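The values are calculated or read from the model by the stated rules, or taken from the named source; none is laboratory data. Just so we're clear, the structure is a prediction, and the values are computed from it rather than from any experiment. Here the Cβ positions follow ideal geometry from the backbone for every residue, glycine too, while neighbour counts run over all protein chains shown.
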Amino acid sequence: MITVLKNAKIYDGGVMKTCEAAFDGTSLTMTGAMGGGTSVSKFENVAILPGFCDVHVHFREPGFSYKEDIASGSAAAARGGYTAVCTMPNLNPTPDTLEHLEIQRKAIAEKAKIAVYPYGTITMGELGKEFSDMEAIAPYVIGFSDDGRGVQDGGMMREAMERAKAMGKIIAAHCEDNTLLRGGYIHDGAYAKAHGHKGICSESEWKQIKRDIELAAKVGCKYHVCHISTKESVSLIRDAKKSGVDITCETGPHYLVLDDSCLQENGRFKMNPPLRSPEDREALVEGILDGTIDMVATDHAPHSAEEKGRGLAKSAMGVVGLETAFPVLYTGLVRKGILTLEKLAELLSVNPRKRFGITSDAGYCVWDLDACYKVNPEEFLSMGRSTPFAGDTVYGKNLMTIYGGTLVWQSN
């Protein structure tokens, strides 16, 4: 049986074009105009998009496979339309030597359903005291990051940038000044004040971004800022781009459609950086529209139910996002006329691949744009279930993901 996708929108050269496509159970063919025969039409409003690329995910293997592993993480990614992801290095052991990195690479080779590119650490164990074996691991990593901690010492960050530049690698920075955290765990805003929570100030993020921008300008390295969340961060990066700094940045779906007015006393609303103010969210959307923010990355960070079941104050930081990113953004931004479908494809696929030099075949994902449903974490393929979007009504269901000529996901 052949499924015909009529009036499909396909992303081609930066624009969405109308086409007709046929799916024979294993591959998708653009047909132009299908005839009769045995074909049957099931869907009238679909989008065929290049496979998404997430440059910031946590698959937890090795060391924390009870939260997620390569198999479950890559399956969740495929379900969400992703055909490439970059895994952050806060693992056990951290990928700071070839020997440690090889543990992760072996698991990827054996279990991954899509392309998985590991980061290497900047420092040994991400402890900020001595450099990792950067030169030895450079050929096998997508870039360098001490994600989850950040490099606190400016002199060490400058040397890391110089070494990364010499190897043609990118520094992906988790920007957080630990001296400004003061025990906070949600945004230092209206909700924190009203409910007696300890807040994380915006300066803890943007102050370190400011430091790194100055360093990157001097060194001339490729510099990428992870998960920005504040209006000050947007402004700093916008100005840095205008001055010629080789800088890109990402934000997450939750920062674009939620803010601290949406918080509930539940661990599924706790992530780092936290949901900021409505003004910060508006600045992030503006940064998306004017090109300051280059891409959207989920920071997919699964934890066990027990770790996320302790409320805002005591739950682990991090939420899952690979299986909800497209429907959340399509519903919250595209359907509302804030963003075009073309722009969303650039943010999720084109721009991250270009910046990180990911040239592998993107494949494609096919979305039923009319499908309307409530987010149900119990249906996730990820081992993580904690999402701020649980129970929300969204549009957009992934019908299939094809990577390397192989069907890696198909909906029932």
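Data for the structure
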| item | result |
| --- | --- |
| Residue satisfying all of: in the stretch 286-316; acidic (Asp, Glu), out of contact with any helix residue (DSSP H, G or I) (no Cβ under 6 Å at 6 or more places or on another chain) and buried (at least 18 other Cβ atoms within 10 Å of the Cβ); nearest to residue 74 (Cα to Cα) among these | 299 |
| Some residue of the stretch 371-391 being touching a strand residue (DSSP E or B) at 6+ places or on another chain (Cβ under 7 Å), surrounded by 23 or more Cβ atoms within 10 Å (Cβ to Cβ), assigned to a loop (DSSP other than H, G, I, E, B) and not basic (Lys, Arg) | no |
| Some residue of the stretch 349-366 being within 20 Å of residue 257 (Cα to Cα) and surrounded by fewer than 20 Cβ atoms within 10 Å (Cβ to Cβ) | no |
| Positions within the stretch 278-311 being in contact with an Asp or Glu (Cβ under 6 Å, 6 or more places away or on another chain) and either within 16 Å of residue 229 (Cα to Cα) or aliphatic (A, V, I, L, M) (or both), in sequence order | 278, 281, 295, 297, 298 |
| Residues satisfying the stated conditions in the stretch 273-284, i.e. surrounded by fewer than 20 Cβ atoms within 10 Å (Cβ to Cβ) and out of contact with any Ser or Thr (no Cβ under 8 Å at 6 or more places or on another chain) | 279, 282 |
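So that you can scan it fast, the table gives a plain yes or no per residue for (1) assigned by TED's automatic domain parsing to the domain that holds residue 150; (2) in a helix (DSSP H, G or I); (3) in contact with a helix residue (DSSP H, G or I) (Cβ under 6 Å, 6 or more places away or on another chain); (4) crowded, with 19+ Cβ neighbours inside 10 Å:
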{"site": "64", "(1), (2), (3), (4)": "yes, no, no, no"}
{"site": "99", "(1), (2), (3), (4)": "yes, yes, no, no"}
{"site": "104", "(1), (2), (3), (4)": "yes, yes, no, yes"}
{"site": "107", "(1), (2), (3), (4)": "yes, yes, yes, yes"}
